[in-house]
Amino acid sequence: MRTRENSPHHLSLFVATMIVGCAAVVEGATPDDANIPDAAATARHIDRLLAEADSEPTAISQPPGVCDDATFMRRVSLDVVGDLPSPEEVAALVSDPAPGKRTALIDRLLTDPHYGENWALYWRDVILYRRLENRALIVAQPLVRYLTEQLNNGVGWDEVAGQFITAEGNVREEGSTALILAQEGKPEETTAEVARIFLGIQIQCAQCHDHPTDRWTREQFHELAAFFPRIAVRPINKKTDKRSFQVVGDDNFPRRRRNTNNRRRGTAEHYMSDREKPDAPGALMTPKFFLTSSQLPLGTEDQQRRETLAEWITASPWFAKAQVNRIWTELVGWGFYEPVDDLGPDRHCRSAEVLDYLAAQFAASGFDMKWLIRTIALTQVYQRSYETPSEGDVTDSTTASLAAPDACPSQRLRADQLYNALVTALAIDDSDDNFRQIRGAMKGRFAQFRGPRGQFLKTFGYDPSTPLSEVSGSIPQALVMMNSPQIQRQINGKNPRTMLGRLLKDNDDPREITRQLYLRTLAREPQPGELNACLNYVHDHRDRTEAFEDIQWALLNSAEFLHRK
């Protein structure tokens with residue numbers, strides 16, 4: 001089954017508690033367990049900084065109090081492993097009196113293999129959503145496999161970024177080639193995405209003219225592009241292989257070879273076109289890093305160019321800030337910079353002291369993404385509580401009142417999270433023909449986007465870099481949730497193979513059935529008003545089975561199920 005409750009990694013709610021060291025990192029030293037910043041202490045300091053800055057106009061006013069255990073468990077489970085907790089896990093957390101149970105839960109989830117997969121799917125969308133053409137989708141599965149392994153093994157984000165920037169090889173085998181393939185190896189497009197994803201700086205606006213709202217000049221953009229002219233994306237046409245491409249760095253260029261933009265060969269150097277004479281060769285650009293003016297000489301080989309650029313990028317303070325800002329926004333609901341990928345010295349930053357502090361600690365941790373997520377999840381701002389509307393509204397029970405006008409406590413689930421939540425809530429067995437292809441079981445050229453999961457990606461997918469306030473539902477999405485034949489078959493209470501069918505067969509108590517439906521779908525007990533509304537509906541309905549089918553349908557289509565709050 002897709003559900004995690006039978007996984008060996010979930011035999012106990014609190015088996016894998018992990019405490020990190022609290023000593024400060026010495027600058028230039030390789031982090032280890034003895035000198036990684038203490039996540040809990042870092043989280044407490046962040047909360048203090050936010051509280052002290054509460055009255056400042058650039059700060060976010062945080063609501064008092066923390067959410068209840070059930071809300072926290074659903075929130076952190078969706079954020080870390082991209083799935084709902086089981087009813088047993090919710091019950092165990094709620095009933096556990098241990099003061100450190102939330103910390104233990106976070107640690108356990110970060111050791112779950114689905115942690116790496118969940119965030120690999122997130123980064124897949126970040127990298128591939130802005131692809132130049134759909135052929136790049138052949139790298140989707142290798143990309144997810146690659147990132148899942150790197151993230152689960154705790155490889156530093158600086159090393160991962162470096163592997164993306166310096167990638168070579170068959171795109172069906174080397175997931176790190178995804179970023180270059182998605183931009184077809186074009187120096188300008190590759191430059192723009194490298195700066196946007198790893199530095200959070202939108203320097204692409206300076207490609208044709210000086211940046212209209214930032215300090216970056218056209219020359220600086222093309223000097224950065226001069227690190228990438230020698231990369232090429234070439235087809236692999238072996239008869240025994242599936243059609244594929246390879247990313248290569250080419251340093252063999254005839255002296256008199258004409259400078260063209262043939263991305264199957266690359267070019268020896270990068271030229272900035274002359275806007276007045278577009279047919280002219282343009283200005284020869286020296287590889288220079290726009291943030292520090294560090295440069296390499298003309299003629300430098302491809303691998304040295306890209307390796308050096310990767311070192312300069314990951315050493316920049318904007319590298320740590322960009323990743324902290326992105327992950328914080330995804331977990332907390334508001335960003336220090338918004339949009340999430342538009343940072344820079346000329347951009348407005350709120351709670352800048354918090355960002356600077358957390359980015360420095362993240363760098364000191366060795367750019368450990370698990371450490372960063374753990375730290376944010378331990379803060380009070382992450383565990384905050386929001387008021388909910390009056391009881392009894394089954395279909396929209398999570399509309400939250402905001403403590404700040406620009407805070408976003410409730411955000412729509414990503415397509416993969418929603419699909420996982422459906423499979424778990426409905427206890428779907430992957431032997432079912434309608435949901436057989438789940439969790440990497442798909443094969444083929446665009447397999448990642450076929451089958452039921454693929455339909456969700458097409459219908460519910462969105463660019464993770466889009467501001468959360470701009471991500472909203474659509475009519476096609478509502479129609480899928482309300483009318484999808486696959487979902488309708490799974491809420492058939494007369495079928496003993498469905499979760500609802502088994503529940504109705506094994507239980508006569510409508511209270512317990514309602515309770516189980518809420519726990520499985522919303523990961524919490526029904527409120528008294530909700531329970532009474534459901535019981536009255538069942539009592540007044542002629543057909544008990546149809547009544548509970550309606551209730552389950554309403555829960556699946558509720559704002560609470562479709563959102564993570």
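Please state which one of Leu284, Leu296, Leu355 is at negative phi and either charged (D, E, K, R) or outside the structural domain of Leu224 (by TED's automatic domain parsing) (or both). Full working, then the answer.
On the way: Leu284 fails: either charged (D, E, K, R) or outside the structural domain of Leu224 (by TED's automatic domain parsing) (or both); Leu296 fails: either charged (D, E, K, R) or outside the structural domain of Leu224 (by TED's automatic domain parsing) (or both).
Matching residue, one of Leu284, Leu296, Leu355: Leu355.
Scanning for something small (Gly, Ala, Ser), at pLDDT 95 or above and part of a loop (DSSP other than H, G, I, E, B), does the stretch 86-96 turn up at least one residue?
Just the residues of the stretch 86-96 that are small (Gly, Ala, Ser), to begin with: 86, 91-92, 95.
Remaining after also requiring at pLDDT 95 or above: 86, 91-92, 95.
From what's left, part of a loop (DSSP other than H, G, I, E, B): 86.
Looking through the stretch 86-96, at least one residue is small (Gly, Ala, Ser), at pLDDT 95 or above and part of a loop (DSSP other than H, G, I, E, B).
Please pick out the residue among Gln552, Gln477, Gln490 that is among the polar types (S, T, N, Q) and closer than 30 Å to Asn134 by Cβ.
Numbers: Gln552 fails: closer than 30 Å to Asn134 by Cβ; Gln490 fails: closer than 30 Å to Asn134 by Cβ.
Exactly one residue qualifies, and that residue is Gln477.
With respect to (1) in contact with a helix residue (DSSP H, G or I) (Cβ under 9 Å, 6 or more places away or on another chain); (2) surrounded by 13 or more Cβ atoms within 10 Å (Cβ to Cβ); (3) not hydroxyl-bearing (Ser, Thr, Tyr), the lone exception for Gln488 is condition (2).
Results for (1) surrounded by 14 or more Cβ atoms within 10 Å (Cβ to Cβ); (2) among the hydroxyl-bearing types (Ser, Thr, Tyr), shown as yes or no for each residue.
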{"position": "Arg511", "(1), (2)": "no, no"}
{"position": "Thr514", "(1), (2)": "yes, yes"}
{"position": "Tyr518", "(1), (2)": "yes, yes"}
{"position": "Gly529", "(1), (2)": "yes, no"}
{"position": "Leu535", "(1), (2)": "yes, no"}
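What pairs can you find where one residue is in the stretch 466-486 and within 16 Å of Ser558 (Cα to Cα), the other is outside any helix (DSSP H, G or I), and their Cβ atoms are less than 7 Å apart, with a gap of 6+ or different chains? Matching pairs, first to second residue: Gly473/Arg412; Met481/Asn557; Met482/Asn557.
Scanning the stretch 305-317 finds one or more residues that are out of contact with any Asp or Glu (no Cβ under 9 Å at 6 or more places or on another chain) and hydroxyl-bearing (Ser, Thr, Tyr).
Here Glu223 meets the list (1) touching a helix residue (DSSP H, G or I) at 6+ places or on another chain (Cβ under 8 Å); (2) within 16 Å of Phe289 (Cβ to Cβ) almost entirely, failing just condition (1). For Asn557, the conditions (1) of a type in the set (S, T, N, Q); (2) surrounded by fewer than 18 Cβ atoms within 10 Å (Cβ to Cβ); (3) more than 21 Å from Gln477 (Cβ to Cβ) all hold with the exception of (3).
Selection over the stretch 267-299 of residues that are farther than 15 Å from Cys208 by Cβ, crowded, with 16+ Cβ neighbours inside 10 Å and of a type in the set (A, V, I, L, M) gives a count of 3. Just one residue in the set Ala232, Ala206, Ala225, Ala167 is small (Gly, Ala, Ser) and under 25 Å from the mean Cα position of the chain (by Cα); that residue is Ala167. Name the single residue, out of those in the stretch 128-172 being among the small types (Gly, Ala, Ser) and touching a strand residue (DSSP E or B) at 6+ places or on another chain (Cβ under 8 Å), that is surrounded by the most Cβ atoms within 10 Å (Cβ to Cβ). Within the stretch 128-172, the match that is surrounded by the most Cβ atoms within 10 Å (Cβ to Cβ) is Ala167.
The values are calculated or read from the model by the stated rules, or taken from the named source; none is laboratory data. All figures in this text were calculated on a predicted structure; none of them were measured in a lab. Using ideal geometry, Cβ is built from the backbone for each residue, glycine included, and neighbour counts are taken over all protein chains shown.
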